């Protein structure tokens with residue numbers, strides 16, 4: 001039973017999120033709990049993301065973190081592509097529909113690498129240390145870019161740019177960088193606690209599943225409550241597909257040039273989608289969270305195919 005749940009965690013977590021939202025939406029006896037649940041989700045989602053990153057970085061030896069050349073090209077692509085989306089959103093004359101699609105694409109492009117990418121990279125035969133280094137660098141990039149750019153494309157009438165920037169910075173920067181600092185301090189000064197956290201190697205996976213359930217429920221909430229048409233939602237979902245395909249392909253192309261095709265492909269293509277969904281519905285038009293929501297499916301389809309292809313290749317040897 002446990003093996004079945006672990007193998008099918010992605011669809012089960014998303015199904016649980018959908019059922020959870022529909023339950024709260026249609027059963028009146030749950031209505032009194034809604035304010036509490038909304039407050040809990042507001043706190044719980046970033047906490048789960050923080051804990052996932054902490055457990056991941058606890059497994060990393062800082063001495064193994066060395067930037068390589070392809071890191072620079074991938075970071076350059078992330079920031080340039082995100083700036084291109086910002087430019088179109090600020091100066092392009094378009095309807096609200098295209099604005100929502102571009103916001104969805106933007107969050108998929110700037111989102112940092114998934115914590116689980118190191119596991120997939122190792123299984124595919126890539127460099128785990130290079131991938132982990134890029135995970136940290138992409139978190140740093142997102143921690144700086146998101147507070148700077150998101151208030152520009154989704155301004156709030158009651159907040160100045162500086163106020164909005166500081167508000168987002170105060171939430172995103174600690175969320176993305178403090179886990180690494182805390183993990184380093186634990187490794188350095190609390191070796192027993194560090195050893196204990198290392199033994200909890202499966203905990204990050206289950207934390208991810210819980211977080212995915214929550215953000216899926218939130219995405220369904222915005223889908224059902226949005227005035228956007230089904231076609232708009234389809235276009236936003238396609239934005240997730242297009243950005244996913246481009247990033248996997250480009251990452252592999254750049255990686256091939258530096259003899260690290262697998263690691264670079266995973267670094268740019270596999271995203272921390274739970275974080276992306278949370279950032280989208282918190283700081284952008286909530287309907288844009290459909291893009292990273294669909295990205296979850298696309299990246300898992302691509303990785304499942306790559307793992308199957310590798311298993312088949314090994315079986316022939």
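The values are calculated or read from the model by the stated rules, or taken from the named source; none is laboratory data. A quick note: this is a predicted structure, and the numbers were derived from the prediction, not measured. Methodologically, a virtual Cβ is constructed for each residue, glycine included, from the backbone with ideal geometry; neighbour enumeration extends over all protein chains shown.
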Out of the residues in segment 76-105 that are in a helix (DSSP H, G or I) and out of contact with any helix residue (DSSP H, G or I) (no Cβ under 7 Å at 6 or more places or on another chain), which is surrounded by the fewest Cβ atoms within 10 Å (Cβ to Cβ)?
-> 91
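Of the residues 277, 246, only one is within 23 Å of residue 80 (Cα to Cα) and in contact (Cβ under 8 Å) with a residue 12 or more places away in the chain; which?
Working: 246 fails: in contact (Cβ under 8 Å) with a residue 12 or more places away in the chain.
None of the others qualify; the one that does is 277.
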Hey, could you check segment 114-126 for residues that are surrounded by fewer than 20 Cβ atoms within 10 Å (Cβ to Cβ) and over 19 Å from the mean Cα position of the chain (by Cα) and say which is farthest from residue 260 (Cα to Cα)?
-> 123
Which one of the conditions (1) out of contact with any strand residue (DSSP E or B) (no Cβ under 9 Å at 6 or more places or on another chain); (2) part of a helix (DSSP H, G or I); (3) under 30 Å from residue 222 (Cα atoms) does residue 135 fail to meet, given that it meets all the rest?
-> (1)
Under the condition of being assigned to a helix (DSSP H, G or I) and free of Cβ contacts under 8 Å to residues at least 40 places away in the same chain, which residue from segment 200-237 is surrounded by the most Cβ atoms within 10 Å (Cβ to Cβ)?
-> 206
What do you reckon, is residue 17 under 20 Å from the mean Cα position of the chain (by Cα), more than 27 Å from residue 252 (Cβ to Cβ) and assigned to a helix (DSSP H, G or I)?
-> yes
Got at least one residue in segment 151-168 being in a helix (DSSP H, G or I), in contact (Cβ under 8 Å) with a residue 24 or more places away in the chain, buried (at least 23 other Cβ atoms within 10 Å of the Cβ) and out of contact with any strand residue (DSSP E or B) (no Cβ under 6 Å at 6 or more places or on another chain)?
-> no
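I'd like to verify a number: residues in segment 106-123 that are assigned to a helix (DSSP H, G or I) and closer than 22 Å to residue 284 by Cβ, how many?
Total satisfying the criteria: 5.
Can you find a residue in segment 37-44 that is in a helix (DSSP H, G or I) and under 22 Å from residue 180 (Cα atoms)? Explain how you work it out, then say what you get.
Pass one, segment 37-44, residues in a helix (DSSP H, G or I): 37-44.
Next, from what is left, pick out any that are under 22 Å from residue 180 (Cα atoms): 43-44.
Taking every residue of segment 37-44 in turn, at least one turns out to be in a helix (DSSP H, G or I) and under 22 Å from residue 180 (Cα atoms).
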Residues of segment 3-19 being farther than 17 Å from residue 207 by Cβ and at pLDDT 85 or above, in sequence order, are 15, 18, 19
Check residue 295 against each of (1) closer than 21 Å to residue 134 by Cβ; (2) buried (at least 19 other Cβ atoms within 10 Å of the Cβ); (3) modelled with pLDDT of 90 or more; (4) out of contact with any strand residue (DSSP E or B) (no Cβ under 9 Å at 6 or more places or on another chain) and name the one condition it does not meet.
-> (4)
Condition test on residue 36, is it modelled with pLDDT of 85 or more and surrounded by fewer than 13 Cβ atoms within 10 Å (Cβ to Cβ)?
-> yes
Of (1) more than 22 Å from the chain's Cα centre (by Cα); (2) at pLDDT 90 or above, residue 94 satisfies all except one. Which?
-> (2)
